[in-house]
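The structure appears right after this line, and notes come after that.
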Amino acid sequence: MTEQAQKYVGGGVPRKEDPALVTGKATWTDNIKLPGMLHFALLRSPMAHAKITNIDASEALAMPGVQAVYTAEDINNDMAAGLPCAWLVTEDMKSPVHQPLAKDEVKHLGDAVAVVVADDRYVAKDALEYIDVDYEELPVVTKMEDALKSDSPLVHEEFGTNECYTWPLATGDVDEAFKNAPVIVKERYIQQRLLPTAIECRAVVANPDPVNGGFTVYTATQIPHILKSVLAGICGVPEQKMRVVAPDVGGGFGSKLNIYAEEALAVVLARKLGVPVKWVEERSENYLATIHGRDQIQDLEIAATSEGKILGLKVKLLADMGAYLQIFTPGIPTFGGFMFPGVYDFENYSFECKGVFTNKTPTDAYRGAGRPEAAYGIERIMDSLAREVGVAPEEIRRRNFYEPFDEPTETPAGIQYDSFNLQGALDKVLELADYEGLRAEQKRRRDDNDPVQLGIGFSTYTEICGLAPSQVLAAVGLGGAGWEAATVRMLASGTVEVVTGTTPHGQGHVTSWSQIAADVLGVTPDDVEVLHGDTAISPLGRDTYGSRSLTVGGVAVHLAAGKVVEKAKKIAAHMLEAAEDDIEFENGTFSVAGSPDQNVSMATVAGEAFLGINLPEGMEPNLTEDSSFDPPNFTYPFGAHICVTEVDTETGFVKVRDYFAVDDCGPIINPIIADGQIHGGIAQGLAQAIYEEAIYDEDGNLVTGSMLDYLIPGAPEIPHFTLDRTITPSPSNPLGVKGIGEAGTIGSPPAAVNSVIDALSTHGVTHIDMPTSPMKVWTAIQNAKGERAGTRDADRSGRPAQATDNVDEKGSESL
Amino acid sequence: MRRIKVTVDGKTHEHEVEPRLLLIHYLREVLGIGGAHSGCDTSNCGACTILMNGESVKSCTVLAVQADGEDIMTVQGLAKNGEWHPVQTAFHEAHGLQCGYCTPGMIMATISLLKEKPNPSEEEIREGLEGNLCRCTGYENIVKAVKQAAGSPVS
Amino acid sequence: MIPLKFDYEVAESAQHAVELLGQHGDEAKLLAGGHSLLPIMKLRLAAPTVLIDIGRLNDLNYVREDGDKLAIGAMTRHTDVEHSDLVKSECGILAYTAGLVGDPQVRHRGTIGGSLAHGDAASDLPGVFLALDAEFKITGSGGDRTIAAADFFEDYLMTALAPDEILTEVRVPKLNGAGWSYRKFNRRAQDWAVVGVGAILERSNGSISSARIGFTNMASVPVRASATEQALSGASVDSIAEAAESAADGTSPSSDIAASSEFRQHLARVLTKRALDEALSR
């Protein structure tokens, strides 16, 4: 162990996580094999809405290797409560009963009706075909506007409506602002439904604990701590006897931030059968059984002066809940409701969101969770506003930016942004992209009537992350507990254990928390072991999502390490027979001010603390400190992006040629890791803008039911990213850091779509809904032909088919 | 049942298997090689990519019985005497992985690519990896890793 | 993800494969590279009860010159055709197109014969073989026969192969300096073609003597752009743009989530023009 500590925070320390991952030695949930383990598989409904009139499992039960078949009758009584929704957005929100297995009625394609337990996966899969289920089809509703009509089929008969809730937010006086506004722009945007598609599907193993009668649940989850308490509660297991382990997890993006039927079933089955049980999801199953993202119809109206200065903004959303409410389903769009004002300084804002039930898989958090939707809405309408008042897109943004600030500042949505400097980010990205060169190239292509046009699209965005101040969680109906916990302990040898309540699944917390602890304690990152993901090893935590881990969890590590140094100082003072105030700590060494020869290393102090024989009067042995950090505010990273696309006007093909991003998340702990988060985030945003869409037909069948049809872009489809930063610390925490995990996904979709529309502006196209598929681009160009190019009216009649509007004869939508 | 003899990561194994047993499951379930991963069911994602007789192949689209007599290499067989393969090193140094789930397949696909094209351009790298999807990295650092690996001798 | 159960036989020769096919009738399917068959079996959309593995028939893996033709064994992998110096120099369109099938991993396993025998007009190779006026050699219990590409594809996933026949070789003409191009329009590089156009252009004395144009995914079988071919026969090189306008005449391609029938026809016209322009420039 070295005593020469250096500064690690801010450096690109190579990841400690990598060795297991590049050698194939990681422990994914599906790698877990326990003695006597059985496999279970779920029989899922092949239709979107139907009564279950009979289930006959006798043939399946007779198959060799099949140990049991259960239905709702068997399972639901073993549950203390159903699968919960934890976000009560309004008092009168309709919260349907949601059990692991559907009892009388299936309400979406893939709704589980029975479970087979067998000796191995292949037998279990075969057995599913021998369970006979009689269904009586019920009418299906898949489109929100249909679902809200009085004659619509009801997803949940008992509510008498498909409206889950209406959630309003209003500040200022929008009506007044709009009354005499010289300019009003009105737009409708579709946020299409997405399938999160982490490359690892879900999996769970539940193992009965023979000693305490409880269970260990290994599951591909982002939230072992939340899962521990919720699973314990709903399965009727005492909380202290439930252990949840997130082994290595292959991506989450919010899709593994949930309480799933299969996890509850695993516990119930393990209890019933007294053996470990495992379930592994197949991809086509994942597309039905794992939560979906986004799915909103957005109606926006913006009022402005004739110079384009915003006077007011009205937003109305319809948000598709799907058939049930998973843990955060109703709150995702309302959370985004705070962010439609974006990076713009104005006063009058109104927002209303209606959550709507449909016969589809439930939606919930997917990278950005409400904020990409908001950033898209405002950044798209800003381009429309720019066109309306005849101002360049970068200029209209500048005219409305906040002046830079570094103290909490009230927004039109009534929250407080923490620190901003949009001007700095925009200036930097314009230079990074050689903006003038791009416009020159664009002009050349226009003059030449080049069939491939160049598009330059902007996005200046912010987002709300670093969940969360507990008080705010309580205020919005989430209860509380937004803190994050850390323990930092010095071992007798002077090495360090950091226990964190965050649950990394690719974000590099082990490396980053090592850097943070190393700097505070004067050790090297290799001296630090970061423990996470297992509730037996990390008993306290609120896990990883919402770009919270660094700003809440990393800060907790920093604070706990600081407490260690504080206590160590007292011990050092005692050992050096000096006053505590005279002790200095640098490079891992405590010394007496002015007498550097009088010193003692942190390692020696740690050893002393362990031995407990030479400590100050009344001091307990050991050098281990906890911190539970409850952030006073969210953090608000921001940035300016430029997306450059080439649009082939003859085929509609869109190629993202370049992407320039200047992002500001405050001081950087590990620039390589931070950049990696931005790369991945932007790629997912581009994927939404240009490729992905979960398409349902009118019978509620998922047409894009596999990775053949649901398009995740590969390396040829994604451009090289050119990144830069500005650094504007946040006043929300002692490190001044902001989250960055979702920012790329939030900033990029509007940049991409703005770019495509920019490319086609001389063709009279003013909007295309995502994804900008060749078919939709080409259709938009055709529809705009003959109309007066460049005018506001050019695309009104030619608005291409919306995902929720048009179904062709073959039952597929959104061509 | 069918008797097969397959060499995997330098070791030869003999087993009786069902004809329908997929190679990916033979590797994972029968041989206990957890470093080969499954990510989809339509041969799109490439997470299951291994080398068969030195060429990249999607082990989810091969039956174990088809691998009878063949030589398979997974990511677990790359390191020699504890020393990583240059591609493994490059992925680590270039931060070409985040969650790591697509990484074994990505590494094997890269080895195969560099065999066919020892000095690929950025475009050739991206196209050469068209059969391997990643959701975390946005491919930026994967491309960087492949470029770095191309600069070093590849066995 | 997991196929239904089936029995498995290994064919020792093409003849043996024919015998096994005769034995098992239409319960059996041939397994070559498996990259057309196994994906649909894993989705349980196909469930043959017997698979006859012809993957060991290495003597059907070859590329040879035969006078003014190239003979390619049915078990030749896409990657071998893609990288064959002989194919690249004598029939460039074939090497190029083989290099676009799927992705590298698919190309390492999938075979030319397997792709053709599967009979999917959305695959890249059938349309190109059609444009090349290729010949297919088949062996079965009734002996050997040769069939023209134009007569081989009967309907979606249906070819002229009898249940006990196996494709052994494909023969294509050397291009002898004819211009060529294959334009594949897809969303992602690893995707199937939304529409593909393969064009071979013969010139003489500064004008076009003939054009052969094969479509991918414009019908339930690969089809030729006959109206355009006729318009280009003996025509001046300036007539390409106008001739391409009729490329989709007579076609009624399918509508799906990738493209409507109308959009496919539009793409066929655009890609035909681009393919012809590129072929001309070679």
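The values are calculated or read from the model by the stated rules, or taken from the named source; none is laboratory data. From a predicted model like this one, the values you see are computed outputs, not experimental measurements. No Cβ is skipped: glycine too gets one built from the backbone with ideal geometry, and neighbour counts run over all protein chains shown.
Observations on the structure shown:
- Neighbours by Cβ (under 7 Å, 6+ apart or cross-chain): first from segment C:255-280, away from chain A (no Cβ under 11 Å) and surrounded by 19 or more Cβ atoms within 10 Å (Cβ to Cβ); second modelled with pLDDT of 95 or more and part of a helix (DSSP H, G or I): C:272/C:228; C:272/C:244; C:276/C:240; C:276/C:244
- Qualifying helices (runs of 4 or more DSSP H) (wholly inside segment C:81-175; at least 2 residues being among the β-branched types (Val, Ile, Thr)): C:92-98
- Of all residues in segment A:730-776, those that are within 20 Å of residue C:187 (Cα to Cα) and of a type in the set (Asp, Glu) total 1.
- Across segment A:719-738, the qualifying residues are those that are under 17 Å from residue A:426 (Cα atoms) and not basic (Lys, Arg), and the one among them that is farthest from the other protein chains (Cβ to nearest Cβ) is A:728.
- Only one of the listed residues (A:234, A:199, A:223) is at pLDDT 95 or above and either touching an Asp or Glu at 6+ places or on another chain (Cβ under 6 Å) or not hydrophobic (A, V, I, L, M, F, W, C) (or both). That residue is A:223.
- Taking the listed residues A:753, A:765, A:703, A:737, the one that is over 25 Å from the mean Cα position of the chain (by Cα) and among the hydrophobic types (A, V, I, L, M, F, W, C) is A:765, with no other qualifying.
- Note on segment A:21-38: among residues that are under 19 Å from residue B:110 (Cβ atoms) and touching a residue at least 12 places away in the same chain (Cβ under 8 Å), the one that is farthest from the other protein chains (Cβ to nearest Cβ) is A:26.
- So residue A:591, is it hydroxyl-bearing (Ser, Thr, Tyr) and crowded, with 22+ Cβ neighbours inside 10 Å: no
- Each residue in segment B:48-62 was checked for being in a strand (DSSP E or B) and at the interface with another protein chain (Cβ under 7 Å from one of its Cβ atoms), and 5 pass.
- Here segment C:184-216 is the region considered, the condition is being away from chain A (no Cβ under 14 Å), within 16 Å of the chain's Cα centre (by Cα) and of a type outside the set (A, V, I, L, M, F, W, C), and the residue that is surrounded by the most Cβ atoms within 10 Å (Cβ to Cβ) is C:198.
- A Cβ distance below 8 Å, combined with a sequence gap of six or more or placement on separate chains, defines the contacts here; from segment A:458-477, residues that are without any contact (Cβ under 8 Å) to a residue 60 or more places away in the chain reach residues that are of a type outside the set (S, T, N, Q) in the pairs A:471/A:480; A:473/A:467; A:473/A:479; A:473/A:480; A:473/A:481; A:473/A:482; A:474/A:480.
- Just one of the listed residues (A:612, A:594) is over 42 Å from the mean Cα position of the chain (by Cα), at pLDDT 95 or above and farther than 30 Å from residue A:754 by Cβ, namely A:612.
- Single residue of A:750, A:719 found to be under 22 Å from residue A:421 (Cβ atoms) and at pLDDT 95 or above: A:750
- Tally of residues being among the polar types (S, T, N, Q), touching a strand residue (DSSP E or B) at 6+ places or on another chain (Cβ under 9 Å) and over 30 Å from residue A:589 (Cβ atoms) across segment A:503-537: 1
- Of the residues making up segment A:682-702, those that are part of a loop (DSSP other than H, G, I, E, B) and away from chain B (no Cβ under 14 Å) are A:693, A:694, A:695, A:697, A:698, A:699, A:700, A:701.
- Some residue of segment B:61-80 being buried (at least 24 other Cβ atoms within 10 Å of the Cβ) and within 21 Å of residue A:197 (Cβ to Cβ): yes
- The sole residue among B:93, B:130, B:116 that is among the acidic types (Asp, Glu), closer than 20 Å to residue A:719 by Cβ and at pLDDT 95 or above is B:130.
- Strands (runs of 3 or more DSSP E) fully within segment C:1-78 counting 2 or more residues that are more than 10 Å from chain B (Cβ to nearest Cβ), at pLDDT 95 or above and crowded, with 16+ Cβ neighbours inside 10 Å: C:28-31, C:69-73
- For segment A:658-681, taking the residues that are outside any loop (DSSP other than H, G, I, E, B), touching a Pro at 6+ places or on another chain (Cβ under 8 Å) and more than 12 Å from chain B (Cβ to nearest Cβ), the one that is farthest from residue A:426 (Cα to Cα) is identified as A:658.
- Odd one out for residue A:165, checked against (1) touching a Cys at 6+ places or on another chain (Cβ under 7 Å); (2) surrounded by 15 or more Cβ atoms within 10 Å (Cβ to Cβ): (1)
Residues checked against (1) aliphatic (A, V, I, L, M); (2) within 11 Å of chain A (Cβ to nearest Cβ); (3) in a helix (DSSP H, G or I):
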{"residue": "B:19", "(1), (2), (3)": "no, no, no"}
{"residue": "B:28", "(1), (2), (3)": "no, yes, yes"}
{"residue": "B:34", "(1), (2), (3)": "no, yes, no"}
{"residue": "B:37", "(1), (2), (3)": "no, yes, no"}
{"residue": "B:42", "(1), (2), (3)": "no, yes, no"}
{"residue": "B:46", "(1), (2), (3)": "no, yes, no"}
{"residue": "B:76", "(1), (2), (3)": "no, yes, yes"}
{"residue": "B:88", "(1), (2), (3)": "no, yes, yes"}
{"residue": "B:111", "(1), (2), (3)": "yes, no, yes"}
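- Residue list for segment C:228-254, filter: crowded, with 18+ Cβ neighbours inside 10 Å and not in a loop (DSSP other than H, G, I, E, B): C:228, C:229, C:231, C:232, C:240, C:243, C:244
- Exclusive hit being outside any helix (DSSP H, G or I), more than 14 Å from chain C (Cβ to nearest Cβ) and touching a residue at least 40 places away in the same chain (Cβ under 8 Å), set B:131, B:100, B:138, B:96: B:96
- Subset of segment A:179-218 that is among the aliphatic types (A, V, I, L, M), assigned to a strand (DSSP E or B) and more than 14 Å from every other protein chain (Cβ to nearest Cβ) - its residue that is farthest from residue A:277 (Cα to Cα): A:183
- Residue ID - farthest from the other protein chains (Cβ to nearest Cβ), chosen from residues in segment A:123-135 that are touching a helix residue (DSSP H, G or I) at 6+ places or on another chain (Cβ under 8 Å) and buried (at least 20 other Cβ atoms within 10 Å of the Cβ): A:131
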